[in-house]
1. Where nothing but the Cβ of Lys and Arg (+1) and of Asp and Glu (-1) is charged, how large is the charge dipole of region A:41-181 around its Cα centre, in debye to the nearest 20?
2. Calculate the spin-label point distance for A:Ala8 paired with B:Leu142, positioning each point 7 Å from the Cα along the beta-carbon direction, and give it in nanometres.
3. Given the options A:Ile197, A:Ala117, A:Ala6, identify the residue whose Cα lies farthest towards the positive end of the charge dipole of chain A (+1 on Cβ of Lys, Arg; -1 on Cβ of Asp, Glu).
4. Write down the radius of gyration of the protein assembly as shown and its Dmax, each obtained from C-alpha positions, in Å.
5. Could you compute how much accessible surface A:Met148 exposes when probed at 1.4 Å, giving the result in Å² to the nearest 10?
6. Classify region A:113-157 from the C-alpha gyration tensor, please: rounded if a/c falls under 1.5, else prolate or oblate depending on whether a/b exceeds b/c.
7. With a 10 Å radius around each residue's Cβ, average the other Cβ atoms per peptide and rank B:111-117, A:107-113, B:150-156, B:29-35, highest first.
8. How large is the direction-averaged shadow of the alpha-carbon convex hull of region A:206-247, in nm²?
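The values are calculated or read from the model by the stated rules, or taken from the named source; none is laboratory data. Every value quoted in this text rests on a predicted model; they were computed, and no experiment measured them. Heads up, the Cβs are rebuilt from the backbone with ideal geometry, glycines too, and the neighbour counts pull from every protein chain shown. We work out accessible area using only protein heavy atoms, side chains counted, and drop any ligands, DNA or RNA first. Shrake-Rupley method; radii C 1.70, N 1.55, O 1.52, S 1.80 Å.
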Amino acid sequence: MIDSVALASAVHLLLHSWTSWLVVVPGLLIGLLFHAIPGLTTSMAIALMLPIIPGMEFLPALVFMTAMYTGSLFGVAIPAVLLNIPGSPAAVATTFDGFPMAQAGRHSEALGHALAASVFGQAVSYLILLVLVDPVARVAIKLGPPEMAVVALWGLTLIASLRGRSFARGLLAGALGLLLGTIGFSARGTIRGTMGIDVLLDGIPVVPALIGLFAAAELFNLCRSDFVVADLKSRSVSLRRILTGFR
Amino acid sequence: MPLYSAPDPGPANIRRLKPAWSDAIFLGAVVSWSGWYLQNAWRASPTVENMLLIGPVAILIFALAAVILWQILRPSRTAPARQPERPSLRVIGSMGLLGLYVLAMNRIGFDLATFLYVAGSLVLLGERRPFVVLLLPLGFALAVTWGLTRLASMPIPTLTGL
C-alpha cells in the first residue's frame, strides 16, 4: 500500500516552494539537447552538470535531474525521426514510422506524435508506478533465473517477428545478438571473444554499438541523396504541425 | 531468319529470380564469426557453465543459416523481385573516410582527424565553397575537442593540446 503520510509530505514539499520549479524548463531543455545528439547519454548530461548540482538545494537539484531525464526521453526521438538514427536503444521503434513520415515531408507531425507519446506515456507510467510500485515490487522480488530466461526468449521471438519479412532472418539476428552479448568476462571469469582488446572485457559497449549499427549505417545511406526530404516546400519545421501531431 | 532470338522465357506463371548473392555473403560472414566465437569460447573453457548459452545459440545460428541459404538460392517464385541498390561513389567514399578517421585519431590527434574527416565529407558530398569547407570543420573540431576534454574530461590525444 502507498505510504499516504510520506506521499502527503512529498506533495507538500513540492507545492511549498515555487522556486524549485524554475529549474524544470532548463532541465528539460538540457536533457532534450543532450539526447538529440546520438551517443550522448543521461549519465553524461548529469556528469557535466555535476559542478552545478551540489551547489543547489536538495529539492531543486532533484527536480532538475528528473527534468533532465524526462527531457531526454523525447530528445532521443528527434534524430530517430529526422535522421533515422535513434538517440538511444529505446528510440529504435520510433524510426520505423517516424523516418518514413519525415521522408514524406511530415516530419513535424511525426515529432508531434513522438512528443505526445512521450508526455502521456510518461505521465501514465509515473501514475501507475506510484499506485502499483508496492505489488509490482513484491512480484519482481520473486522473479528468478527461469523467469528471466523466459523473458529473454520472449524478447527474442518478438525481435524475430518484428520486421515480418522472414522469421528465420529475424531469429538469426536475435541469436547473433545473444552471442555478441556474451563477449567479455563470463560470470566465472572466462574471457571470451575479446581478441585481446581490453575495451571488450566488459562486453561490447552500448554507445559504440549504437553508433556503429544505426548512426554509421544511416550516414552511408544518407550520402545517397542531398536531402532527407526531397520536396523543397516540405523542408521547414512547423510548430503548428507539431502541435497537430501532438493532438 | 533473325540473327538473335530471345530465349524461351518458359511457362508464363514462372519468373526466374536471381539469388541475392550479397545476402549470401553476409550470411557467410555471420556463420564464420559464429564458428570462430564457438571455438574461441570452447578453448577458453570447455565446461557446461561456459558453453550453456553459446553452444545451443551457435547451433541455432548454423541451422537458421542453412534455412536462409536455401531461401536465398531457391527464391520464391511468387515473391516480388528485390532490386539491390548498387553502392554509389559517395557511399564508398564515406565508408573509406570513416575508416581513415578511426585509424587516424590516435596517430595525428582527435582534433586534426575530426577536421580532416568533416572537411573531406563536405567535399565528397559536393560542397565547394572554401569558407564552408575550411571554417565549418575547424569550428566543429575545436568545439567537440573542447567539449570532450574540458567538459567531459576525457583523455583523448590532440594536436592542439586542448
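1. 440 debye
2. Modelled inter-label distance: 6.0 nm.
3. The listed residue farthest towards the positive side: A:Ala117.
4. Every Cα atom of the protein assembly as shown included, Rg and Dmax give 25.9, 100 Å.
5. Spelled out: A:Met148, probe radius 1.4 Å, area about 110 Å².
6. Oblate is the answer for region A:113-157, as a/c is 1.5 or above yet b/c matches or exceeds a/b.
7. Ranking the peptides B:111-117, A:107-113, B:150-156, B:29-35 by packing returns A:107-113, B:111-117, B:29-35, B:150-156.
8. Taking the Cα atoms of region A:206-247, their convex hull projects to 4.6 nm² on average.
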